[in-house]
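The values are calculated or read from the model by the stated rules, or taken from the named source; none is laboratory data. This is a predicted model, so every value here is computed, not measured. As a convention, Cβ positions derive from the backbone with ideal geometry for all residues, glycine included, and neighbour counts pool all protein chains shown.
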Amino acid sequence: MPELKRLHADHASAVLAFEVANRTYFATSIPDRGDDFFDRFAERYKAALAEQEDGVCAFYVLVAEDGSVLGRFNLYDVEDGTARLGYRVAEQVAGRGVATAAVRELCRTAPATHGLRTLRAATSHDNAASRKVLTKAGFVPVGPAAPADLGGKSGTWYQRDLQQLR
């Protein structure tokens, strides 16, 4: 059974393998991270862990029983009880409810773990899978997302009130 775990240094090689293996798949629905992301992965990973340590962000990985990473679930800009949610799952588990289950778990744990009351997420109009995940996880559309928010694509901001979970 996959487990949602807080990102730590020991996950680096599995996260890189996940990103490399799914790069082409991800690029079909979200902007590609570019070669620089992979060339400077170790440096970027270390910076992400530092941001997490500072409480600015919280990064999670969905880890399979064999230690491989099946998904990433990130809370960005954690401030004043609110954070932005971003996520991606491996092609091999896409469409199986894995993302929805992990997002729901984050919604349950984020209030106590991170002091969050609200989560926001933006998705492009052409990313039907992400819209479905957000809706099934209790998010509601709250307004348009600018192309600058979504790598040049237009979309919608969704929001989830976490206080109703208490």
* To do: Scan the range 89-124 for residues that are among the acidic types (Asp, Glu) and exposed (fewer than 15 other Cβ atoms within 10 Å of the Cβ) and jot them down.
  => Glu91
* Structure fact -> For Ala50, the lone unmet condition from (1) of a type outside the set (Asp, Glu); (2) closer than 19 Å to Ala129 by Cα; (3) modelled with pLDDT of 95 or more is (2)
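Report whether or not Val63 is touching a residue at least 24 places away in the same chain (Cβ under 8 Å) and over 22 Å from Asn127 (Cβ atoms). Break it down into steps so the answer makes sense when it comes.
Values: touching a residue at least 24 places away in the same chain (Cβ under 8 Å): yes; over 22 Å from Asn127 (Cβ atoms): yes.
Yes: the conditions hold for Val63.
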* Among (1) hydrophobic (A, V, I, L, M, F, W, C); (2) out of contact with any Phe, Trp or Tyr (no Cβ under 7 Å at 6 or more places or on another chain); (3) within 15 Å of Val89 (Cα to Cα); (4) surrounded by 15 or more Cβ atoms within 10 Å (Cβ to Cβ), the one test that Phe41 misses -> (3)
* Just for the range 41-96: of the residues that are part of a helix (DSSP H, G or I) and in contact with a Leu (Cβ under 9 Å, 6 or more places away or on another chain), which one is farthest from Glu19 (Cα to Cα)? -> Gln52
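Looking only at residues that are basic (Lys, Arg) and touching a helix residue (DSSP H, G or I) at 6+ places or on another chain (Cβ under 9 Å) in the range 67-96, which one is farthest from Lys132 (Cα to Cα)? Please lay out each step first, then the result.
In the first step, residues of the range 67-96 are kept if they are basic (Lys, Arg); the result is 72, 84, 88, 96.
When the remaining residues are screened for being touching a helix residue (DSSP H, G or I) at 6+ places or on another chain (Cβ under 9 Å), the result is 72, 88.
Working: Arg72: 17, Arg88: 13 Å.
Out of the qualifying residues, it is Arg72.
Residues of the range 146-166 being under 21 Å from Leu116 (Cβ atoms), outside any strand (DSSP E or B) and basic (Lys, Arg), which ones? Walk me through how you get there before you give the answer.
Taking the range 146-166 first, the residues under 21 Å from Leu116 (Cβ atoms) are 149, 156-166.
After this cut, where a residue has to be outside any strand (DSSP E or B) as well, the list is 149, 162-166.
Correct list: Arg166 only.
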* To do: Might you let me know whether the range 113-122 holds any residue that is touching a residue at least 24 places away in the same chain (Cβ under 8 Å) and assigned to a helix (DSSP H, G or I)?
  => yes
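Would you check if Gly86 is surrounded by fewer than 22 Cβ atoms within 10 Å (Cβ to Cβ) and not aliphatic (A, V, I, L, M)?
On the way: surrounded by fewer than 22 Cβ atoms within 10 Å (Cβ to Cβ): yes; not aliphatic (A, V, I, L, M): yes.
Spelling it out, Gly86 is indeed surrounded by fewer than 22 Cβ atoms within 10 Å (Cβ to Cβ) and not aliphatic (A, V, I, L, M).
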* Asked: Looking at the range 14-26, which of its residues are free of Cβ contacts under 8 Å to residues at least 24 places away in the same chain and surrounded by 12 or more Cβ atoms within 10 Å (Cβ to Cβ)?
  -> Glu19, Arg23
